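Worksheet for the structure shown next.
All of the numbers you see were taken from the coordinates with simple rules; none came from a lab. Values in this document were obtained by computation on a predicted structure and should not be read as measured data. Here the Cβ is made from the backbone with ideal geometry for all residues, glycine too, and neighbour counts use every protein chain on show.
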Amino acid sequence: MPAIDYDPLAPRNWDDPYPTYRRLRDEAPVHHAAGSNTYTLSRYDDVIFALRHPEIFSSATAFDVLLRQIAVDIGWRDLVAFARFLVRARVDWKMLVTGAADSIIGVDPPRHEELRGIVNRAFTLRRIEGWSARIGEVVEDCMAKLRRGERFDVVEDLAIPVPMVVIAEMIGVETERLADFKGWSNAIVSGVSSSDKKRARPAMLDAFTELSRYIDGVVAQRRRAPADDLISVLVDPARGATLGREAIMQLILILLIAGNETTTNLIGNAIVALLRNPDQLERALAMPELVPNLVEETIRWDGPVQFIVRRATRDVEIAGTTIPAEGRVIVLLGSANRDERHFENPDEFDLSRETKGHLGFGLGGHFCLGASLARLEARTALAALVPELPRVRAPIGQLAMIDSVLVRGRQRIALEPVA
């Protein structure tokens, strides 16, 4: 059998990566991409080991991967535009050159714990549960279109606006600026994750410039007069240690890319899973109390985040292969969640499954900061949408995947009301 040619950033691996994951687990559990310094971990136990040992597998390479993606096919005109962007957006160019991003996803202990301790104040269970009623209102507003008997796109009409509106309101974005915020978010996500970086890059730089200027204004205002929003929690010294400008902007970017996109595609992937598994759809319709199980099984079976990236701080041997110091390590969460060594019949979508131990939100110190919020948003949206599925015609064939190396989901899921 020929060697496995695997690159998680290649679009050819996006539509259905799971058969390749199985081959990796069976034949090359530590896959070394020929001619590169990249190693991929695919088995559950090896992924667990990497996530539990940040002293060996450093997170300080996360922004390096993003920057490499953004810099694809960059030319002289792009460099001029990029320099202009650095000035206009007041970005610290030294941070970009050295990779020393003071970001909660891109630093190791002890700085990670310091940042996490500050940011956690904005994501306590009490604060998240306080958003439950508002999330329900946003979902109901989105569902009105379907209930009027109009054509409905799960992605555009529900899965995108719910997390977008919620995170914007959490940050403190004024209602009249929500459209601007959505536009900035879309352009930034596209510029970072699209396979056509050259086309998406100019709009991304403009959007980041406008967003950073806007957030600067909000930060200045909240320093003068703190309110009950996320920015205030991060900048008000009366509530404890505070974040600086760069750290706040990087957190906002994480919320836009990781927060919004993850929840959007979690909702969409759950609907696709039900449509392609009609027996499980029948169970979900008969037992609405299974919606939390639906969320967790979707994260395990077809999660929005398929991999994260680490850097080896020293030589380390796993499954008979030595990963050298400074090696880039692709940690395949999506493969670990389908590992038959840990989950029985892992390729089956089963709402009765015990999903405890799935790695869709990571593990350890870097466990997803917004997991509770994503779960609440997804549960609320799916509880409203699933009962409507018997009254619509829905696609069950191949659906176009979003053009992204960072998250897994569908571009559109069109529902046609049945007369």
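Structure data summary
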{"quantity": "Listed residue (Val107, Ala28, Pro292) projecting farthest to the positive dipole end of the chain, Cβ model", "calculated": "Val107"}
{"quantity": "Distant-in-sequence amide H partners of Arg408 (H built 1.01 Å from N, under 5 Å)", "calculated": "Val305, Gln306"}
{"quantity": "Stokes-Einstein diffusion coefficient of segment 272-383, Kirkwood radius over Cα pairs, 20 °C, 1.002 mPa s, in µm²/s", "calculated": "137 µm²/s"}
{"quantity": "Net dipole in debye of segment 99-167 [+1 Lys, Arg Cβ; -1 Asp, Glu Cβ; about Cα centre; nearest 20]", "calculated": "200 debye"}
{"quantity": "Normalised contact order of segment 11-417, rounded percent, pairs of Cα under 8 Å and 6 or more residues apart", "calculated": "26 percent"}
{"quantity": "Most positive-pole-ward Cα, Met164, Val392, Gly409, against dipole of segment 11-417 from beta carbon charges", "calculated": "Met164"}
{"quantity": "Kirkwood Rh in Å, taken over all unlike Cα pairs in segment 229-308", "calculated": "15.1 Å"}
{"quantity": "Taking N as its residue count, the alpha carbon Rg of segment 11-417 over 2.2 N^0.38 Å", "calculated": "0.98"}
{"quantity": "Peptide ranges 163-174, 286-297 listed from the most packed, as the mean C-beta count within 10 angstrom indicates", "calculated": "163-174, 286-297"}
